[in-house]
Amino acid sequence: MAVERLFKDEATEEKGDRARMASFIGAMAIADLVKTTLGPKGMDKILQSTGRGRNITVTNDGATILKSLHIDNPAAKVLVDISKVQDDEVGDGTTSVVVLAGELLREAEKLVNTKIHPMTIIAGYRMAVECARNALLENAMDNKQDSEKFRSDLMKIAMTTLSSKILSQDKEYFAKLAVDAVLRLKGSTNLESIQILKKAGGSLKDSFLDEGFILDKKIGIGQPKRIENAKILVANTAMDTDKVKIFGARVRVDSMSKVAEIEAAEKQKMREKVQKIIAHGINCFVNRQLIYNFPEELFADAGILAIEHADFDGIERLGLVTGGEIASTFDNPESVKLGHCKLIEEIMIGEDRLIHFSGVEMGQACTIVLRGASAHVLDEAERSLHDALCVLSQTVNDSRVLLGGGWPEMIMAKEVDDLARKTPGKKSHAIEAFSRALQAIPTIIADNAGLDSAELISQLRAEHHKEKSNAGIDVISGGVGDMEKLGISESFKVKQAVLLSATEAAEMILRVDEIITCAPRRREDRM
């Protein structure tokens with residue numbers, strides 16, 4: 001007995017096969033969960049939170065789905081993490097990464113059951129990954145030099161990314177939006193300067209790309225409606241001190257006239273502050289906090305447009321885009337960097353009035369205004385567009401492109417299979433298993449489209465054994481198609497990230513031989 005009591009009460013440990021079973025099953029369950037969202041005919045999931053208001057998210061994005069799950073199984077958590085990392089790193093391929101890792105583990109389970117040691121499997125997988133990656137590298141195309149071709153590559157990638165999302169109906173339109181927005185960035189992957197504004201109403205087709213910056217605020221009363229050659233001071237300061245706040249202020253005075261004097265002094269202080277601000281020679285003042293009616297009056301008299309309560313996100317972006325800095329003291333105007341833009345005016349979108357800054361310092365800034373029937377549609381559209389923007393900005397930097405539709409997987413599978421035939425020893429089983437796992441991705445794409453996957457994949461395999469084939473799954477016609485003619489492309493960077501992270505995750509879960517769950521903390525009875 002003394003030996004067994006190694007852990008505290010209620011702590012459990014799973015050893016050997018049972019631990020491995022638990023981790024395999026957990027990981028495969030997660031993979032099966034997001035499996036149905038893969039590919040152009042993938043389905044969406046509704047996630048309902050148990051919190052207040054029971055928020056509903058309708059999404060197709062693997063990372064979003066997995067982020068919202070509360071999972072107990074440790075191996076499943078590893079998969080959730082890789083999908084998050086994939087989302088941060090390249091933005092797309094979040095579902096593929098989980099599915100591939102799940103398939104690798106499914107194959108590994110069969111091998112472990114035939115008494116092959118996990119370390120042997122891992123060694124085999126390592127060899128297979130190297131081989132698969134080289135196959136990708138050899139087959140990647142690069143059109144960086146030819147800008148027309150490169151642009152069409154980007155369009156294809158954007159359309160392929162969007163085709164599995166809610167925007168698939170108008171994918172050409174949105175792909176064009178995304179490509180325009182990313183090409184304005186001129187190669188930086190900083191998506192901060194692309195602002196996405198969501199306005200309910202209209203249909204998705206009414207979305208548009210606007211050069212410049214749109215601030216979701218109204219212009220105050222009695223203030224200039226349009227300003228040309230604006231000099232903008234972006235500030236974060238309190239402009240509401242001209243009244244004594246009765247609450248929480250204790251003032252001991254002899255009579256009411258004293259209070260009036262205090263108010264007058266406060267007002268004077270405010271007036272001085274406003275004059276200091278005007279002394280910067282600006283004609284637009286944007287503040288993050290409130291501006292009371294008294295300073296607002298003073299600004300209006302000076303012909304300065306004052307915008308209050310621009311939320312923090314808006315202010316940061318506005319400062320970035322117009323090239324100004326956020327100021328909070330105004331004593332030395334020469335050290336403050338002002339923002340500049342050609343024109344500030346009020347525009348209408350739907351029913352809302354917004355302030356539009358055009359001709360800003362940073363040429364790469366732009367705003368995408370999304371319209372849509374409901375908040376859920378808009379949220380999902382924003383996620384899809386964000387995926388597309390991430391992938392495109394990565395592709396602009398690393399311009400290698402692959403065909404899509406299960407073509408890269410088949411090429412890798414073929415190379416890996418050849419490697420398995422040449423490799424002696426037990427490792428070859430693992431390498432073969434790796435190639436089977438790779439083929440699972442086109443299989444699932446076909447399954448989701450309701451096609452006969454076994455038939456299609458065997459056709460694909462045969463196609464790929466010819467030299468230089470472009471065959472992939474054409475979901476629309478339900479057969480094997482030429483991916484180049486159909487214009488289905490994917491970014492090399494995304495595929496490579498999928499391959500490497502999935503293998504590493506599978507490897508990590510394979511190494512597990514014991515799971516120790518620590519005892520739950522006891523709650524003392526407070527009653």
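Data overview
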{"item": "Single residue of GLY248, GLY220 found to be at pLDDT below 70 and closer than 30 Å to LEU370 by Cβ", "result": "GLY220"}
{"item": "Any hit, region 67-76, residues being out of contact with any helix residue (DSSP H, G or I) (no Cβ under 6 Å at 6 or more places or on another chain), assigned to a helix (DSSP H, G or I), open to solvent by 20 Å² or more (accessible area, probe 1.4 Å) and within 30 Å of SER168 (Cβ to Cβ)", "result": "yes"}
{"item": "Qualifying position, being assigned to a strand (DSSP E or B) and β-branched (Val, Ile, Thr), among ILE445, ILE516, ILE431, ILE457", "result": "ILE516"}
{"item": "Test: residue in region 417-427 that is surrounded by 24 or more Cβ atoms within 10 Å (Cβ to Cβ) and touching a Ser or Thr at 6+ places or on another chain (Cβ under 9 Å)", "result": "no"}
{"item": "Given (1) touching a residue at least 40 places away in the same chain (Cβ under 8 Å); (2) in contact with a helix residue (DSSP H, G or I) (Cβ under 7 Å, 6 or more places away or on another chain), index of the condition ARG151 fails", "result": "(1)"}
{"item": "Looking only at region 33-66, and only at residues there that are within 19 Å of ALA375 (Cβ to Cβ) and among the aliphatic types (A, V, I, L, M), the one that is least open to solvent (accessible area, probe 1.4 Å)", "result": "ILE65"}
{"item": "Some residue of region 89-107 being over 26 Å from the mean Cα position of the chain (by Cα), at pLDDT 90 or above and open to solvent by 20 Å² or more (accessible area, probe 1.4 Å)", "result": "yes"}
{"item": "Criterion violated by LEU378 - all others in (1) at pLDDT 80 or above; (2) in contact with a Gly (Cβ under 6 Å, 6 or more places away or on another chain); (3) not in a helix (DSSP H, G or I) satisfied", "result": "(3)"}
{"item": "Residue among THR395, THR322, THR367 that alone is within 16 Å of LYS199 (Cβ to Cβ), open to solvent by less than 10 Å² (accessible area, probe 1.4 Å) and polar (S, T, N, Q)", "result": "THR367"}
{"item": "Single residue of ALA181, ALA175, ALA158 found to be within 23 Å of LEU318 (Cβ to Cβ), touching a residue at least 12 places away in the same chain (Cβ under 8 Å) and within 18 Å of the chain's Cα centre (by Cα)", "result": "ALA181"}
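The values are calculated or read from the model by the stated rules, or taken from the named source; none is laboratory data. Computed from a predicted structure; not experimentally measured. Glycine gets a Cβ as well: all are built from the backbone with ideal geometry, and neighbour counts include every protein chain shown. Remember, those area values only see protein heavy atoms, side chains included, never the ligands or the DNA or RNA. Shrake-Rupley method; radii C 1.70, N 1.55, O 1.52, S 1.80 Å.
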